[in-house]
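Peer 1: Dropping a structure here in structure tokens format, bear with me for questions.
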Amino acid sequence: MKRVWLLSALLLIPPLSWADGPVHERELDNGLKVIVKEDHRAPIVTSQVWYGVGSSYEQGGTTGISHALEHMMFKGTEQLAPGEFSRIVAENGGEQNAFTSRDYTAYYQNLANDRLAIAFELEADRMRHLALPAEEFAKELEVIKEERRLRTEDDPESLTFEVFNAVAYAASPYRNPVIGWGDDIANLTVADLRDWYRQWYAPNNATLVVVGDVDPEAVFALAERHFGPLEAETVVAPRPRGEPPQYGEKRVQVKAPAKEPYLLMGYKATAVGHADATWEPYALEMLASVLDGGASARIRRELVRGQEIAASAGAGYSAFSRLPGMLLLDGVPANGHDVAELERGLRAQIARLRDEPVGEGELARIRNQLVADKVFKLDSVFYQGMEIGKLETLGLGWRLIDEYLERLAAVTPEQIQAVARKYLVPENLTVAVLDPQPIEDRPSHSIAGGHPHVR
């Protein structure tokens, strides 16, 4: 009873306020947005630089360039030799990394709070002064090719996901893999990267996020000292590439060496900033949680443990993206069952959401779990920075974090049913099936090789 009361009470607590301190923001003269979130529970800080560019900004022939540039950001500047950036962070007891997504590229350092100036100096240096030596790029290109081989071409579920996206989207740049297509990767040049870097890696296309045990005014002064002298760039927004209507269900078969079959289904949906009604993306998030919001959610309760037709299965949706995405369902059939049975089971779950409103008791449990998950994640300064950086870079604004749980809590059973009826329809559906082939028949891959069999 005490836990139920606690989780219900958390609904009333705005997440960023719960996580200790206020948020401060300032924009430098060169356009760099600086956001500082105070969290004085420990003498640590996360420093994150977010650039408004990712794979969805890329045009045909250059897919993978954002990810390739991320690799090269660690390979030296006009002042630092290759690898020296990482060495300096490590010597100061910090950890650092980066990631590229469809919508953004971000770099971060987690450090003791008295080492923040080191992170700023290093990031400011590589924001405008990257060296991009040809010999380092040649070596890194081989690393990227191997990454693609290991993580996509030799991973049957990842391969299926790649083919699925290419079939599901007709025009949206979300059809391209973040790592890029093989031929495009193989033909990237240092000149390509230099142009991409100059175009997008500028202070007026970046957000600096700092969360931790810091004094905001000191952080702003430090940012002005290191980032203030950097010149802005003329940043032209990418041309819109909207997804046209889909006029019927799509299906694709992927034949690849694998131990077991795999099913992936996706319904084109909407996102915050694109929906006809502001509540729709939040209703879709609640819908996904009804299906896969913990061990007692419907998919695991009914398809994995109940009917035992799935060895594993799940659902997922994100309300926050630059362009509209999809609500996804996937799974692996249990021994003695096949993909067709699993697909029927997942379709039945979708049909139930269209036909019957979710019960208030079930919805209350989902709300409580979502709130608990979000609040507990905000115990991490890194995660707080991630939420701020993502929303700012998507153009939605960090204040949406404070509204997020309130909007989820306001979703009604009727709204969940309405988005199910509107978006989870055959005209929005793409189905991909991995047809496992004998492992010993796995081909030797070439980075410029063809795609798997698609029907």
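Every number in this text was worked out from the coordinates using simple rules, so none of it is lab data. Quick caveat: nothing in here was measured; it's all calculated off a predicted structure. Glycine gets a Cβ as well: all are built from the backbone with ideal geometry, and neighbour counts include every protein chain shown.
Peer 1: Explain nothing, just the number: dipole magnitude of the range 201-352 about its Cα centre with +1 on each Lys and Arg Cβ and -1 on each Asp and Glu Cβ, in debye rounded to the nearest 20.
Peer 2: With only Lys, Arg, Asp and Glu charged at Cβ, the dipole is about 780 debye.
Peer 1: On to the next question. So, with +1 on the Cβ of K and R and -1 on the Cβ of D and E, and no other charges, what is the size of the charge dipole of the chain about its Cα centre, to the nearest 20 debye?
Peer 2: Working: 48 positive and 67 negative charges, 250 e Å.
Magnitude of the dipole: close to 1200 debye.
Peer 1: Also: For L111, L329, what ranking results if the residue with the fewest other Cβ atoms within 10 Å of its Cβ goes first?
Peer 2: Arranged by neighbour count, lowest to highest, L111, L329 become L111, L329.
Peer 1: Over the Cα atoms of the range 17-227, what is the Rg over Rh ratio if Rh follows Kirkwood?
Peer 2: Working: Rg = 18.2 Å, Rh = 18.2 Å.
Computed over Cα atoms, the ratio is 1.00.
Peer 1: Hey, quick one: spin label on E78, modelled 7 Å out along Cα-Cβ, who in the range 193-222 has an amide N within reach, i.e. under 18 Å?
Peer 2: So the set is 194-204.
Peer 1: Under the Karplus relation 6.51 cos²θ - 1.76 cosθ + 1.60, θ = phi - 60°, what is the ordered set of whole-Hz ³J(HN,Hα) values for the range 248-255, x standing for Gly and Pro?
Peer 2: Each residue's phi maps through the Karplus curve to give x, 4, 10, 9, 9, 10, 10, 9 Hz.
Peer 1: Run down the lysines and flag those whose C-alpha is under 16 Å from the C-alpha of K377, throwing out any fewer than 8 positions away in its chain.
Peer 2: List returned: K37, K390.
Peer 1: Then there is this: What does the highest-first list of 173-181, 417-425 look like by mean Cβ count within 10 Å?
Peer 2: 173-181, 417-425
Peer 1: Still on this structure, please answer the following. Of all DSSP beta bridges located in the chain, what percent are antiparallel, nearest 5?
Peer 2: Numbers: 46 of 60 bridges.
That works out to approximately 75 percent antiparallel.
Peer 1: Is the chain rounded, prolate or oblate when judged by the Cα gyration tensor, a ≥ b ≥ c being the square roots of its eigenvalues, rounded requiring a/c under 1.5 and prolate requiring a/b larger than b/c?
Peer 2: In terms of gyration-tensor shape, oblate.
Peer 1: Just for the range 17-227, what percent of DSSP beta bridges are antiparallel, to the closest 5?
Peer 2: Working: 27 of 33 bridges.
Given both bridge residues lie in the range 17-227, the antiparallel proportion sits at roughly 80 percent.
Peer 1: Roughly how big is the range 13-162's charge dipole about its Cα centre, with Cβ charges of +1 (Lys, Arg) and -1 (Asp, Glu), in debye to the nearest 20?
Peer 2: My answer is approximately 200 debye.
Peer 1: Then there is this: Using 0.36 nm per residue of separation minus the Cα-Cα distance, give me the extension gain between H40 and A98 in nm, one decimal.
Peer 2: 18.4 nm
Peer 1: For a quick protection proxy, order the peptides 256-264, 185-193 by their average other-Cβ count within 10 Å, most packed first.
Peer 2: Per-residue Cβ counts within 10 Å, averaged per peptide and sorted highest first, yield 256-264, 185-193.
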